[in-house]
Each structure stands twice: as C-alpha cells, then as structure tokens.
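Encoded as structure tokens, the structure appears first; notes follow it.
The values are calculated or read from the model by the stated rules, or taken from the named source; none is laboratory data. Keep in mind that this is a model prediction, so the values were computed, not measured. Virtual Cβ from ideal backbone geometry, glycine too; neighbours counted across all protein chains shown. These accessible areas exclude ligands, DNA and RNA; they are computed on the full protein's heavy atoms, side chains included. Shrake-Rupley method; radii C 1.70, N 1.55, O 1.52, S 1.80 Å.
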Amino acid sequence: MAGHSKWANIKFRKAAQDAKRGKVFTKLIKEITVSTRLGGADPDSNPRLRSAIDKAMAANMTRDTIDRAVKRGAGANDGDDLMEIRYEGYGPAGVAILVECATDNRNRTVSEVRHAFAKHGGNLGTDGSVAYLFNRVGVLVFANGEDDEAVMELAIEAGADDVDSEDGLVEVTTSPESFHQVRQTLKEAGLMPEMSELIQRPATETPVSGEQAEQVAKLIDALEELDDVQDVFSNGSFPEDA
C-alpha cells in the first residue's frame, strides 16, 4: 500500500501543477468528449463520463462548458475528429509506461510521444508490449479526518473490491463498473474523497532509485506536458523520499 499512497500524493501535487499551468480544462474537456463518444451521453449509464464530469465540476468548470463537451462527443458539434489513442513503452531501468491520449492528429501525437521517450532514455513500444502489466480500476483516497471504519464499511457494502489503510490514508479500490456507485454512496454519507479516479494500476512494480528514478520522473513529466496526453501511468516504484 505504501507505493500506492506515494502515488496518490504525487497525483495530488501533479493536479495542482496542471491547474497552475492552465491545462487542466483542456484535458477535462477532451476526456468528457471522448468518454461521451465511447459510452454515450448519459452519465448515469456511463461511469467514465460521470467521473469526468465530477472532476470538471470540482475544477470549477461551468455547466455550459461541460454540456458543450458532451454535445461534441455525441456528434452535435463536429467532434468526430477527436480520437482516443494509447501508447506503450519503456523508460529507464525497464519501467513500463502507458500513455493515454486524446488527439485530432495521430501523426503529430505519436511523433511527440516518441520524441519524449527517446529524449529521456526510453523507448516507444508496440501495442500490447506493456498493457498486460496494468489493470483498470477505480480508486478513491480519503485523507486524515475521515471516519476510517465508516469508509470501509460503506465502501464494501456498496460493492468495493478492497479497502486498505496506511499512513493516514484510506484507499478504496473498485471495478470500473462499480466506481460511481461506491463513490456516490460514500458522498451521500458525507464522506468526501481527496481523490477519485479511474486509473491503470500496475500488477507488479519495478523499483527505481537515484539517477534512474530522476530520469523516469523527467520522462513522465515530459509526457504529461504534451497537449494531447491525458494521463500517464507507470509501474515504477520510487523511494519514499523521492
């Protein structure tokens, strides 16, 4: 669990950095559009869209902007040019990396992703080269101050797969299908997560430290800086003081 807690802390910090850079709205709009195209415009039957809308509202995006993104994904506003693409590769020390993108230009995106890998000591791989090392799950993280026992009891009753507690954090893991129901049940009980996302969680981790850890971190940062990149996941296990 320690590695997962560390991951959560990194995500909190990264979200704040993205907001400062002003990129978070662009990424959220793309996610809403793609989610709508893949699963339909009804958030009640499309957990991924529900999650994207909740994240957009938490970032203070206006309802009009959200609605326009949904309409674009549904085809109402010429949104057919936006596609979802996933790239796979390896970073320094053999760390596996998944890069999830939303783009209207496949050639531009693959060129930028390949350049980032090459510049920072990694290699872009073929489809399926690392995807098998990851599982898509829902994760909700509750920080200090919440009732740990209440979170655990309600989460399990609502259909969570696992609940773990360590270092002042309670982490709830769900299937993608039960993610929204679990989160809604906890929110209705007044239990608000610090973070709630659908992620790609590694089945196994690759330990990295020292210079290699810095190189992997720089590669991940470079990928996340790209406009077409929505999210980056790795199986790197970093030192707690990284």
Worksheet item: Taking region 222-242 as the search range and keeping residues that are in contact with a helix residue (DSSP H, G or I) (Cβ under 9 Å, 6 or more places away or on another chain) and among the acidic types (Asp, Glu), which one is surrounded by the fewest Cβ atoms within 10 Å (Cβ to Cβ)?
Response: 240
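Answer yes or no: is there a residue in region 79-100 that is of a type outside the set (Phe, Trp, Tyr), more than 22 Å from the chain's Cα centre (by Cα) and open to solvent by less than 40 Å² (accessible area, probe 1.4 Å).
Restricting attention to region 79-100, the residues satisfying the condition of being of a type outside the set (Phe, Trp, Tyr) are 79-86, 88-89, 91-100.
Filter once more, so that each one left must be more than 22 Å from the chain's Cα centre (by Cα): 79-81, 93.
Within this subset, residues satisfying the condition of being open to solvent by less than 40 Å² (accessible area, probe 1.4 Å) are 79.
Yes: one or more hits.
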Worksheet item: Checking residue 191 against (1) among the aliphatic types (A, V, I, L, M); (2) assigned to a strand (DSSP E or B); (3) touching a helix residue (DSSP H, G or I) at 6+ places or on another chain (Cβ under 7 Å), which single condition isn't satisfied?
Response: (2)
Worksheet item: Taking region 160-195 as the search range and keeping residues that are more than 12 Å from residue 141 (Cα to Cα) and of a type in the set (Gly, Ala, Ser), which one is surrounded by the most Cβ atoms within 10 Å (Cβ to Cβ)?
Response: 160
Worksheet item: Of all the residues that make up region 132-185, how many are at negative phi and part of a loop (DSSP other than H, G, I, E, B)?
Response: 10
Worksheet item: Tell me, which residue of region 201-233 that is among the aliphatic types (A, V, I, L, M) and part of a helix (DSSP H, G or I) is farthest from residue 120 (Cα to Cα)?
Response: 213
Worksheet item: Looking at (1) over 21 Å from the mean Cα position of the chain (by Cα); (2) buried (at least 20 other Cβ atoms within 10 Å of the Cβ), which is the one condition that is false for residue 121?
Response: (2)
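Name the one entry in 109, 103, 126 that is at pLDDT below 95 and open to solvent by less than 50 Å² (accessible area, probe 1.4 Å).
103
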